[in-house]
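Each remark here refers to the structure printed beneath this line.
No lab work stands behind these numbers, since they all come straight from the coordinates. Not measured: the values here are computed from a predicted model. Note that each Cβ is placed from the backbone with ideal geometry, even for glycine, and that neighbours are counted across all protein chains shown.
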Amino acid sequence: MTPEPRPPSTGLLVPAGAGPAADLRSPSDPSSESSSDRSARLTAVVRAEIDSAPERRITFARFMERALYEPELGYYMQPADRPTDAGDFLTAPETHAIFGWTIARRIEQMWAELGRPRPFDIIEYGAGSGTLALSIIEGFRRHDSTDSIDLLEAVRYTPVESSGYRQADLHERFEKAGLAELLTVTGSPSNKSVPVTGVILANEFLDALPVHRVVVRGGQLLELFVTWRDGFVEVAAEPSTPDLQGRLADDVLLPDRLSEGQIGEVCLGLAPWLDDVSRRLARGYLLVIDYGYEAAELYGPRHLAGTLLGYRDHHFVENPFADVGLTDMTAHVDFTAIQVLGERRGLRSVALTTQTEFLVSSGLESELQALQASPETTASDYLRARSGVVRMLDPRHMGRFRVLTMERQVSDDPLPRQPAAPEGVASSEPRNAAASQPGNAVASEPDPRTNG
């Protein structure tokens, strides 16, 4: 099977299993090249594109795409596995498997709502090395109910992952766990398979889609482009596409409603991604977990400098243009846009809540109690899990993430909305300071992904 086409400015819609992992790697050994040498090569590649462009500039979305996804040189396309203690950031699945066990409970409920179909497909965007998927499957086994056992027998899993290295890691881990038979490429437009019934997951995936950066000057919307002046810098000019204004209009946000000098990020990759989701999913649920806001907050007075962030070694990076290819770049997700664009494609919003509320209502406390009660659990095991839970619920870290559930052709009475977090579980927004502009010091919100 050939890799799927990549929509502009997404660079992520390549399914695991799209071919031998080795085919996605360079014939040379990238591990033998120093990180600084790779960064220098990538800088040269991007600079050459800028020099050849008609106006000697490229959109920030194009810069971000190459910085993150350039084969062998981009941040996510190198051998190192990024979301680890030894990497640059942690996501909830790496914090503790209890995150996946709890999501497994929610998926069990979704499967029941869909009438317990066989087969039942789980498709995960940004699957990485399979950490979340393996913990979800482990959760089905741990729950050991008739439903969870039946579901485990019905499940097929399709990872969607751009990195050949992570694809290889995922396949190896599934084989070692005796789960290789669950891996499929169902619902993939490229292999002409029919859309599936099941759940599509996107955990901390959308924040890494490339974004355009815009600024309001003189009451007009301009775009910030990237050029070279003894280093990468931004320059403002007329927008590269009217779609930027159109997206803000979808969010009911026009330039005259934004502050003078305000900077924002616009992810045009959401629409092609949702097109792909719609082609894959005939009936079932879409579950999006990420840091972000609805449009009124995302483009509100607390984010006048935008939300672009750089990460390296579990710390913010002051200048995302420095060390290209060695620094993660992300922007907060526009959950209004996902809902508006999703509903145009036949999806319906069921619930938008915080990660704290979602996990608590999905049974996180029961998972922690079951772990504590198990005779196989050591004190160290329990303390590690409890520490992970605190981080997942802490509004200064992951607790403030948003969880969006959308459904397609489920029923007239889909999953109940998640209730508010119980008393004593914090879910309010943390105090925010504006994120950085490239080249300026970062004054940010409490860091959701680092160990700080």
Whole-Å distance, taken between Cα centres, linking segment 40-73 and segment 189-252: 16
Give a residue-ordered list of calculated ³J(HN,Hα) values for segment 173-185 (Karplus: 6.51 cos²θ - 1.76 cosθ + 1.60, θ = phi - 60°; whole Hz; x for Gly, Pro). 5, 5, 5, 5, 7, x, 10, 4, 5, 7, 6, 9, 10
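Within 10 Å of each candidate Cβ there may be at most 15 other Cβ atoms; applying that plus a DSSP loop requirement, which GluC sites (Glu not before Pro) in segment 361-390 survive?
Here the sparse-neighbourhood loop sites are Glu376.
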When a/c is below 1.5 the answer is rounded, else prolate if a/b is larger than b/c, else oblate, so apply that to segment 21-408 with a ≥ b ≥ c taken from the square roots of the Cα gyration tensor eigenvalues. prolate
Please list, ordered by chain and number, the residues whose modelled amide H lies under 5 Å from the amide H of Asp328; skip anything fewer than 5 residues away on the same chain. Tyr311
A correct Karplus calculation of ³J(HN,Hα) over segment 126-143, with 6.51 cos²θ - 1.76 cosθ + 1.60, θ = phi - 60°, whole Hz and x for Gly and Pro, returns x, 5, x, 8, x, 4, 5, 4, 5, 6, 5, 5, 4, x, 4, 5, 5, 6
Calculated from backbone phi, Karplus (6.51, -1.76, 1.60) coupling profile of segment 257-266 in Hz, x at Gly/Pro: 9, 9, 6, 4, x, 5, 10, x, 10, 10
Taking H placed 1.01 Å from N in the peptide plane, check which residues at least 5 places from Thr184 or on another chain put their amide H under 5 Å from its amide H. Tyr157, Thr158
Cα gyration tensor shape for segment 310-379, rounded if a/c is under 1.5, else prolate or oblate: oblate
Under 5 Å between amide H atoms, partner at least 5 residues away or on a different chain: which partners does Thr354 have, H built in plane at 1.01 Å? Val403
